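Asker: Here it is: the structure, laid out below.
The values are calculated or read from the model by the stated rules, or taken from the named source; none is laboratory data. Fair warning: this is a prediction, and the values are worked out from it, not measured in the lab. Ideal geometry is used to build each Cβ from the backbone, glycine not excepted, and the neighbour counts take in all protein chains shown.
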There are 2 protein chains.
Amino acid sequence: MSHESDHTQAKERLLDTAENLFARKGFVATTLRDISTELGLTHASLYYHFPGGKEDLFAAVMERNILRHGAGLAAAITEAGSDLRARSRGAAAWLLSQPPIDLIRMTEADMPALPESVARKLMDLVYRELIIRLRSVFEAAVRSGAISASTDSGLVAGAFIGLVESLHSVPFFAVKNTRGDMANELIDILLKGLDYAGGGTK
Amino acid sequence: MSHESDHTQAKERLLDTAENLFARKGFVATTLRDISTELGLTHASLYYHFPGGKEDLFAAVMERNILRHGAGLAAAITEAGSDLRARSRGAAAWLLSQPPIDLIRMTEADMPALPESVARKLMDLVYRELIIRLRSVFEAAVRSGAISASTDSGLVAGAFIGLVESLHSVPFFAVKNTRGDMANELIDILLKGLDYAGGGTK
DNA sequence: GTCTATATTTCGATAGAC
DNA sequence: GTCTATCGAAATATAGAC
């Protein structure tokens with residue numbers, strides 16, 4: 001078992017390091033040498049775990065990244081109960097605990113550098129694991145009467161992500177509190193704008 | 001004069017093409033060959049206009065890009081009059097008419113690849129031309145009593161940019177209207193959340 | 001102003017030793 | 001599993017002709 005354990009551990013460490021770099025800097029700006037150096041390895045060693053090279057590594061790593069984003073999002077929402085404000089706060093806190101998801105960079109820079117099939121698969125995954133999952137939260141709030149149906153829930157979900165993720169590039173804002181506090185402040189504004197009348201901490 | 005005109009025209013065309021690519025894909029993912037090919041030139045020709053190479057070209061192009069963003073923002077706000085909703089809509093329409101400003105990519109990928117001095121200058125420029133300019137709009141609304149002072153205007157300004165810019169990666173949202181329409185819808189929510197009671201089209 | 005030709009560096013990738 | 005060594009491709013950059 002120790003053989004397989006070594007194998008698994010090494011691969012897991014590789015996935016973690018690669019994920020952090022790929023998620024932050026993207027496919028093009030991250031080199032295999034960046035990853036291997038951070039691991040204390042040579043770049044040739046990466047081909048043992050991913051014979052398909054950079055492209056396969058990126059696909060595997062980003063798929064894992066997006067799936068974990070979605071799983072964590074689902075867990076955060078469930079744990080938050082049924083209140084929309086608590087759910088939103090939980091979702092934002094989770095998103096901020098993860099490396100940023102830069103949809104603009106993925107669309108403009110990463111996807112054009114990848115085979116069409118890989119690009120579409122990853123974008124579909126983002127849509128399913130992030131947008132739809134968040135949209136469901138707002139749709140549920142509409143059905144329960146907590147907010148009105150005047151605004152498209154998909155639009156609100158997309159805006160929510162853009163708003164929270166933009167807090168990652170935080171040096172630009174006059175920072176006083178933590179990013180989590182700032183997210184909560186913005187969520188309060190958003191929910192008020194959606195005519196939310198429910199309970200929750202305020 | 002025709003000599004200088006040729007020179008100026010060629011350089012202007014280069015700046016326009018380079019700006020579109022650099023703004024969309026960033027410093028690392030854009031190659032000099034991408035730019036020269038789109039211009040119908042060889043990449044060596046670019047060194048005539050920018051002897052400093054890729055780095056100088058990027059710095060000049062992004063400085064121009066950010067300054068035009070700021071100038072257009074100021075113009076859009078002025079033309080919109082004094083109403084906060086009209087100002088917000090004008091600002092959003094302008095931002096959406098320009099190539100996206102990806103603050104996350106700039107922070108995580110572009111800046112680390114540039115000399116510290118260039119990076120800081122560009123980020124300062126973004127702060128001054130975008131964040132502060134938008135913050136002033138919300139601060140003015142607070143002073144005039146159109147919205148309450150309960151929320152930090154800098155935070156709102158940052159959120160506004162993140163929210164509008166995220167519309168650039170629009171395939172992810174269930175798209176029905178134009179991006180401008182979606183922006184206006186989100187602005188209405190935001191202003192309502194800020195207790196905006198002013199006039200304007202709704 | 002733009003070209004061709006070439007130098008230099010960096011990156012992704014493969015082969016084979018340990 | 002990781003290394004050394006090496007290859008070919010691509011990118012930045014320079015020199016000089018036109």
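Asker: Within segment B:145-154, is there a residue that is modelled with pLDDT of 95 or more, part of a helix (DSSP H, G or I), crowded, with 16+ Cβ neighbours inside 10 Å and hydrophobic (A, V, I, L, M, F, W, C)?
Answerer: There is no residue in segment B:145-154 that is modelled with pLDDT of 95 or more, part of a helix (DSSP H, G or I), crowded, with 16+ Cβ neighbours inside 10 Å and hydrophobic (A, V, I, L, M, F, W, C).
Asker: Still on this structure, I have one more. Can you tell me which residues in segment B:113-170 are among the charged types (D, E, K, R) and more than 21 Å from the chain's Cα centre (by Cα)?
Answerer: B:Glu116, B:Arg143, B:Asp152
Asker: Just to be sure, is A:Leu15 within 12 Å of DNA strand C (Cβ to nearest atom), modelled with pLDDT of 95 or more and either farther than 23 Å from B:Thr31 by Cα or surrounded by 14 or more Cβ atoms within 10 Å (Cβ to Cβ) (or both)?
Answerer: Judged against the criteria, A:Leu15 is not a match.
Asker: So which residues in segment B:23-48 are crowded, with 18+ Cβ neighbours inside 10 Å and in a helix (DSSP H, G or I), if there are any at all?
Answerer: If the condition is that a residue be crowded, with 18+ Cβ neighbours inside 10 Å and in a helix (DSSP H, G or I), then B:Ala23, B:Arg24, B:Lys25, B:Gly26, B:Phe27, B:Val28, B:Ala29, B:Leu32, B:Ile35, B:Ser36, B:Leu46 are the ones that fit.
Asker: Here's a follow-up. Going through B:Leu163, B:Leu194 one at a time, which residue ends up being at the interface with chain A (Cβ under 8 Å from one of its Cβ atoms), under 22 Å from B:Lys25 (Cα atoms) and in contact (Cβ under 8 Å) with a residue 24 or more places away in the chain?
Answerer: Selected residue: B:Leu163, the only one of B:Leu163, B:Leu194 that is at the interface with chain A (Cβ under 8 Å from one of its Cβ atoms), under 22 Å from B:Lys25 (Cα atoms) and in contact (Cβ under 8 Å) with a residue 24 or more places away in the chain.
Asker: Would you pick out the residues in segment A:63-91 that are in a helix (DSSP H, G or I), more than 30 Å from B:Thr30 (Cα to Cα), touching a residue at least 60 places away in the same chain (Cβ under 8 Å) and more than 10 Å from the chain's Cα centre (by Cα)?
Answerer: Answer for segment A:63-91, where residues must be in a helix (DSSP H, G or I), more than 30 Å from B:Thr30 (Cα to Cα), touching a residue at least 60 places away in the same chain (Cβ under 8 Å) and more than 10 Å from the chain's Cα centre (by Cα): A:Ile77, A:Leu84, A:Arg85, A:Ala86, A:Ser88, A:Arg89, A:Ala91.
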